[in-house]
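Just below is one structure, and these are the notes that go with it.
The values are calculated or read from the model by the stated rules, or taken from the named source; none is laboratory data. In this text, all values refer to a predicted model and were calculated from it rather than measured experimentally. Cβ placement follows ideal geometry from the backbone for every residue including glycine, while neighbour counts extend to all protein chains displayed.
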Amino acid sequence: MESVLFYIFAAASVAGALLVVFHKNPIASALSLVLTLFSTAVLFIFLLAHFVAAIQILVYAGAIMVLFMFTVMFLNIREESLKFDAQNLPVKLGVLLLILFIFGYFASIGFKKSFSLNHAASLPESFGTVEGVGEVLFKDYLLPFELTSVLIVVAILGVVAIAKRGTD
């Protein structure tokens, strides 16, 4: 039963991610991202990382998505700017398929071992706990964590500047 649920939520996560990329409406894309984030949170629960799953829902599906929705609505995107340019579509699709093929090839090399949900017992005891996440985040990944927060602030300021210039 556990593996069936795993495949259902993995498929929902992939389907949501594809909808994020291919949907024409930015609001629908953002809501598809919420589906992807919730499905990923369920996958974290299968890995017994309950804290990471809760943070995934609270921070990403909650706060970050509110920020995305605010930004999209603040930009006030017009319908004509969402038109898809079908020029050179076969070349674009060919390049996309080539990139996906290369990525899949290297991913298959990297994941030669088959993934089993029963390997959770071999994980460290602090995996997915507040202590484990805090230790890794603030010891090993402190600089990328801080740079990400600066990047988000710069992106917000850039959106505001672009929207301000459009109204002036």
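Total residues in the stretch 121-143 satisfying the condition of being assigned to a loop (DSSP other than H, G, I, E, B) and among the acidic types (Asp, Glu): the figure is 1. With respect to being within 21 Å of VAL153 (Cα to Cα), modelled with pLDDT under 85 and buried (at least 18 other Cβ atoms within 10 Å of the Cβ), ALA61 fits the description.
State yes or no: is SER29 at pLDDT below 90, crowded, with 17+ Cβ neighbours inside 10 Å and either hydroxyl-bearing (Ser, Thr, Tyr) or within 29 Å of LEU157 (Cα to Cα) (or both)?
Judged against the criteria, SER29 is a match.
There is no residue in the stretch 131-146 that is surrounded by fewer than 11 Cβ atoms within 10 Å (Cβ to Cβ) and at pLDDT below 75. When SER122, SER108, SER81 are checked against the criterion of being of a type in the set (S, T, N, Q), under 22 Å from the mean Cα position of the chain (by Cα) and modelled with pLDDT under 80, a single residue qualifies: SER108. Filtering the stretch 1-35 to residues that are without any contact (Cβ under 8 Å) to a residue 24 or more places away in the chain, among the β-branched types (Val, Ile, Thr) and within 17 Å of VAL72 (Cβ to Cβ) leaves VAL20, VAL21.
Of all residues in the stretch 40-54, those satisfying the criterion of being at pLDDT 90 or above and among the aliphatic types (A, V, I, L, M) are ALA41, VAL42, LEU43.
Restricting attention to the stretch 36-48, the residues that are in a helix (DSSP H, G or I) and touching a residue at least 60 places away in the same chain (Cβ under 8 Å) add up to 2.
Condition check: closer than 24 Å to LEU157 by Cβ, at pLDDT 85 or above and surrounded by 16 or more Cβ atoms within 10 Å (Cβ to Cβ). Does LEU37 satisfy that?
no
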